[in-house]
1. Taking the Cα atoms only, what angle lies between the long axis of helix 234-248 and the longest principal axis of the chain, rounded to 10 degrees?
2. For the Cα atoms of the chain, what angle does the longest principal axis make with the long axis of helix 62-83, in degrees from 0 to 90, nearest 10?
3. Which ³J(HN,Hα) values in Hz, rounded to whole numbers, follow from the phi angles of segment 103-119 under the Karplus curve 6.51 cos²θ - 1.76 cosθ + 1.60, where θ = phi - 60° and Gly and Pro get x?
4. Would you work out the Kirkwood radius for the chain? I mean one over the mean of 1/r across all pairs of different Cα atoms, in Å.
5. Could you work out the relative contact order of segment 95-236, using alpha carbon pairs under 8 angstrom and six or more residues apart, expressed as a whole percent?
6. Within segment 135-191, report the trypsin sites (Lys or Arg not before Pro) that DSSP leaves as loop and that have at most 12 other Cβ atoms within 10 Å.
7. Rounded, prolate or oblate: which fits segment 1-140, taking a ≥ b ≥ c as square roots of the Cα gyration tensor eigenvalues, rounded meaning a/c under 1.5, else prolate when a/b beats b/c?
8. Checking the a/c ratio against 1.5 first, then a/b against b/c, what shape does the Cα gyration tensor give for segment 129-221?
Amino acid sequence: VALVLGGLSAPYFAAQKVIVPELLGEDESLVGRASALFQGATRVTMLLGPVVAGVLIAVVSAPAVLVVDAATYVVAVVLVAAFVPRPRPLPPSSEDTGVARGLRFLAREPLLRVWTPVFAVGDAAWTAFFVSVPVLVVVRFDADARVAGWLLASFGLGAVLGNVAAYRFLLQRVQGLTLVAACVMGQALPLWLLSADLPAAAYSGALMFSGLANGLVNPSIHTLMTLRIPPALRPTAMTAMVTVFALIQPLGVFGAGPVLDAFGPRPVLVAFATVQTLAMGAIAFTALRARDVAPPAVAPEAA
């Protein structure tokens, strides 16, 4: 089952990104606000889901909760079928729109050819961090499960607050590239505190601040990465992009495991902060350079 779900994840996540401009058009501000709303809703459910699951498991048992979880997918299918309008089909084209063409476009587009591998490496660093959290809690906080829960929830809570701020105040007023250039380093720099011997509250605050910056910039990042791809190429190019992420992310787990076993969490946390700082620095630099460069033209019929 896990293998099948993993095989479907690339087209699923690509469809999540592609459907927003298909429904709302090519306006960066509008697509960005919709992305912020969608991300915020998703993150709220990710925060509340474990809490609700814990209560339900105590009341009705774990197998029954798995049935409830499976039923939510059926509900999602019904809601999408009933309420999401069918997008207007793109005009027919003889141009090649296969996956190979999508990869070539990603390699040629000035912003995406940097952002795609850099974000993939950054996400791999996050997987290494999440693997390190249980070891960190055992080594520094006497295996207190509550600390692990707070650390994992702090980033998510900050990200939700960032999504709300982006949706309400920023995305209609600030150009996406400017917002990314100004705020993306806020995701990386607080992570250096995790490599120091500090109380759990300080770690929680660092992760919350990092999550806040992530929530501020993520809607613009996803919007820019989507809208810079011509509509006819978006399904295949976005699927190729998600596939690149999926191939690189496990490297964080494979690299962190032996280091945690041999040296404990500190080297992994230092490497995590280093990779995030370099990656987000590259994102900020390329965003600044791209502000005055027009993205690829979008055909009027697709707008």
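Please treat every number below as a calculation from the coordinates, not as lab data. As the structure is a computational prediction, the values presented were derived from the model and not from experiment. Cβ sites come from the backbone with ideal geometry, for glycine too, and all protein chains shown count toward neighbours.
1. For 234-248 against the chain, the angle is about 20 degrees.
2. The helix 62-83 is inclined about 20 degrees to the chain.
3. Result, ordered by residue: 5, 5, 5, 4, 6, 9, 5, x, 7, 5, 5, 8, 5, 4, x, 5, 5 Hz.
4. For the chain, the Kirkwood estimate is 20.7 Å.
5. Working: 134 pairs, mean separation 45.8, N = 142.
Here the relative contact order equals 32 percent.
6. Details: sites: ARG140, ARG146, ARG168, ARG173; in loops: ARG173.
Qualifying residues, ordered by number: ARG173.
7. Details: a/c = 2.10, a/b = 1.37, b/c = 1.54.
Oblate, because a/c is 1.5 or more while a/b does not exceed b/c.
8. On the way: a/c = 3.24, a/b = 2.37, b/c = 1.37.
Cα axes put segment 129-221 in the prolate bin.
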